[in-house]
Amino acid sequence: KMFNAVLEKIASHQRSASQQFMVYKGQDSYQRYWLRAIEQAPVGVVGYVAGGELALWQQHMGKQLPAYLRIARDKQLIWKVIFFTTEQQNVDLLDQSTITYESRTASTIIPGLPGNFNIFNDTVIIHVFEPEPYIIELRDANILKLFAAYFETMWESAV
């Protein structure tokens, strides 16, 4: 009981901090991160993805992918996605996921990037897919404003 009380106290301080920078490394951490993020998301939230590589993301989600997709549908999640490649596979995978989305292709094609960034709720999420997946989570109002501006600029010039 005492240990749980200490953990809860630490967690409450972490949640109240105005800045948080966390790294989640390895497939298990990656999967747990996304399940927790989607479970905590409000209904109807819009997420933003710049540089989506859905085949790699789905590969790293592994057996947790069906749970993620079910929760995303239940939460009525909407993704706005900017692809940096013209691969039809990305759009096909989004269509198959049954998640609501809007996508565009960046005006400059940049194949072979090892990751992407997302904006989800109050968080900037930087993904790196290879050689093992990891996420850098940034919770900082100023960094969020910067990445939101980057995304909007790319979105407006994408087709």
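The values are calculated or read from the model by the stated rules, or taken from the named source; none is laboratory data. What you see is a predicted model; the values in this text were computed from it and never measured. When we count neighbours, we look across all protein chains shown, and the Cβ atoms used for this are built from the backbone with ideal geometry, even at glycine.
Values as computed for the structure displayed
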| quantity | calculated |
| --- | --- |
| Scope region 60-100; condition at pLDDT below 85, of a type in the set (S, T, N, Q) and either surrounded by 16 or more Cβ atoms within 10 Å (Cβ to Cβ) or outside any helix (DSSP H, G or I) (or both); matching residues | THR85, THR86, ASN90, SER97, THR98, THR100 |
| Matching residues, region 44-59, being surrounded by fewer than 19 Cβ atoms within 10 Å (Cβ to Cβ) and modelled with pLDDT of 90 or more | GLY44, VAL45, VAL46 |
| Residues of region 43-59 classified as outside any strand (DSSP E or B) and touching a strand residue (DSSP E or B) at 6+ places or on another chain (Cβ under 9 Å), total | 8 |
| Residue under evaluation ILE109, criteria (1) over 14 Å from GLY47 (Cβ atoms); (2) more than 16 Å from the chain's Cα centre (by Cα); (3) modelled with pLDDT of 90 or more; (4) not hydroxyl-bearing (Ser, Thr, Tyr), criterion not met | (3) |
| Of residues in region 118-159 being assigned to a helix (DSSP H, G or I) and among the small types (Gly, Ala, Ser), the one farthest from THR85 (Cα to Cα) | ALA141 |
| Within region 110-137, considering residues that are aliphatic (A, V, I, L, M) and surrounded by 18 or more Cβ atoms within 10 Å (Cβ to Cβ), the one nearest to TYR48 (Cα to Cα) | ILE119 |
| Matching residues, region 26-37, being surrounded by 20 or more Cβ atoms within 10 Å (Cβ to Cβ) and either out of contact with any strand residue (DSSP E or B) (no Cβ under 9 Å at 6 or more places or on another chain) or not hydrophobic (A, V, I, L, M, F, W, C) (or both) | TYR30, GLN31 |
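Residues are listed down the side, and each one gets a yes or a no for (1) modelled with pLDDT of 90 or more; (2) within 21 Å of ASP122 (Cβ to Cβ); (3) among the small types (Gly, Ala, Ser):
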position: PHE3; (1), (2), (3): no, no, no
position: VAL6; (1), (2), (3): no, no, no
position: ILE10; (1), (2), (3): no, yes, no
position: PHE21; (1), (2), (3): yes, yes, no
position: ARG36; (1), (2), (3): yes, yes, no
position: PRO42; (1), (2), (3): yes, yes, no
